[in-house]
Amino acid sequence: MELAWYALLGLFFATYLVLGGYDYGVGLLLARGTDPARRRAALNAVGPFFLGNEVWLVAAVGILFGAFPVLEGELLSGFYPAVVGALVGVILVTAGVQLRSRPAGERSRAGWDRVVVVGSLLAALGWGALLAGLLQGVPLHADGHVAGITHLFTPFVAAAALAVLALVAAHGATFLTLRLPAADAEATGRLARRLVPVALAAVGAATVLGLLSERVRDTVQQPVAGLLAPVLLAGALLLARAALARRRPGLAFAATGTALAALVALVGAALWPYALVSTVDPGASLTVADAAASGPTLRLLGWLTVPLLPALLGFQLMCWWVFRGRTDGRAPVYW
């Protein structure tokens, strides 16, 4: 039962990272240029999906609090800067997108656009640092608590956070290639084709640092999964680059989304059967079974979660169906 809930937690967070990732990617791209019309068009493209995408984060946090209370406590304390930075970023993006649409001059809208850019930057870096910190291991002591936050300030964590930032930017640009009118999507497609190799290089640099890091090598419990996931990620990015070159934005978007989801799968699979691996006392490492709530609690949560997942999926599919195609009403070539 613990494995099922662990997989469900990963599924919810991976879905949030894929869907929220293009929100933050579009937000990052607002830093390009000063044309108000282009910024408005980019936000209009993401607008119908924006709030619905954040629901997956709320659901993932709910599962974490209910099904893995021990893990939740150590994540909040041991990864405090990353978690707070990411959540502040989410709040800034949400506030900036909502408030820029209020009646105001272009100067005010430009200010809120900068807030969205900063929030997108913080969200991408924060979630990237969290995933990298888990993969690197934590100073978990015999008393069951993580000591300090210095484990977040390492070259591997920095490189992995920048890799997630690059992935999110490429994902956002690919989304706009799929959604903007054809005349604007052409230029955005060229940008996406330039960003994908940057993301690939950033992922490669983080992978090399991980292989060279003794802490990462000692933390990874499933070496095969730890090696296959970066290969899958690189393959997805190469597919995205090829699809963009062939003007198949739907396929490219699916590929960049797969790359982001692979990050969550990498962490979960590489650490199994542990949720937190201690770098100071191997015997103190926290297994998924130990981190989970009791059996009766998990069964009760199951009655609440079983109808929640199809409801969320149905809502997301409905949004994509209602607002399918480009913002000018034309349908893109998906595959």
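The values are calculated or read from the model by the stated rules, or taken from the named source; none is laboratory data. Predicted model only: the values in this text are computed from it and were never measured. Note that we place each Cβ from the backbone using ideal geometry, even for glycine, and neighbour counts take in every protein chain shown. Only protein heavy atoms, including side chains, enter the accessible area calculation; ligands, DNA and RNA are left aside. Shrake-Rupley method; radii C 1.70, N 1.55, O 1.52, S 1.80 Å.
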In the stretch 270-329, anything touching a Phe, Trp or Tyr at 6+ places or on another chain (Cβ under 6 Å), farther than 19 Å from Met1 by Cβ and hydrophobic (A, V, I, L, M, F, W, C) is listed as Cys319
Given the criterion among the hydrophobic types (A, V, I, L, M, F, W, C), over 23 Å from Ala42 (Cβ atoms), modelled with pLDDT under 85 and surrounded by 15 or more Cβ atoms within 10 Å (Cβ to Cβ), identify the matching residue among Ala311, Ala229.
Ala229
Quick one: in the stretch 59-75, which of the residues that are at pLDDT 85 or above and either of a type in the set (Val, Ile, Thr) or at positive phi (or both) is most open to solvent (accessible area, probe 1.4 Å)?
Val61
Here is a check on your reading of the model: is Ala259 small (Gly, Ala, Ser), outside any loop (DSSP other than H, G, I, E, B), open to solvent by 50 Å² or more (accessible area, probe 1.4 Å) and under 21 Å from Gly10 (Cα atoms)?
no
Exactly one of Ala183, Ala170, Ala187 is modelled with pLDDT of 85 or more and assigned to a helix (DSSP H, G or I), and that residue is Ala170
Counting only residues that are surrounded by 15 or more Cβ atoms within 10 Å (Cβ to Cβ), in a helix (DSSP H, G or I) and at pLDDT 80 or above, how many does the stretch 267-297 have?
8
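Conditions tested, residue by residue: (1) closer than 18 Å to Ala129 by Cα; (2) without any contact (Cβ under 8 Å) to a residue 24 or more places away in the chain; (3) not aromatic (Phe, Trp, Tyr).
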{"site": "Thr207", "(1), (2), (3)": "yes, yes, yes"}
{"site": "Gly210", "(1), (2), (3)": "yes, no, yes"}
{"site": "Thr219", "(1), (2), (3)": "yes, no, yes"}
{"site": "Gln222", "(1), (2), (3)": "no, no, yes"}
{"site": "Leu228", "(1), (2), (3)": "no, yes, yes"}
{"site": "Ala243", "(1), (2), (3)": "no, yes, yes"}
{"site": "Pro249", "(1), (2), (3)": "no, no, yes"}
{"site": "Ala254", "(1), (2), (3)": "no, yes, yes"}
{"site": "Leu260", "(1), (2), (3)": "yes, no, yes"}
Considering only residues that are without any contact (Cβ under 8 Å) to a residue 60 or more places away in the chain and open to solvent by 30 Å² or more (accessible area, probe 1.4 Å), look in the stretch 149-181 and name the one that is nearest to Asp290 (Cα to Cα).
Thr150
Based on what the data block shows, is Gly52 at pLDDT below 90 and open to solvent by 20 Å² or more (accessible area, probe 1.4 Å)?
no
Condition first: more than 20 Å from the chain's Cα centre (by Cα) and not charged (D, E, K, R). Now tell me which residues in the stretch 156-196 satisfy that.
Leu180, Pro181, Ala182, Ala183, Ala185, Ala187, Thr188, Gly189, Leu191
Limited to the stretch 314-326, what total is found for residues that are assigned to a loop (DSSP other than H, G, I, E, B) and either modelled with pLDDT under 75 or of a type in the set (Gly, Ala, Ser) (or both)?
1
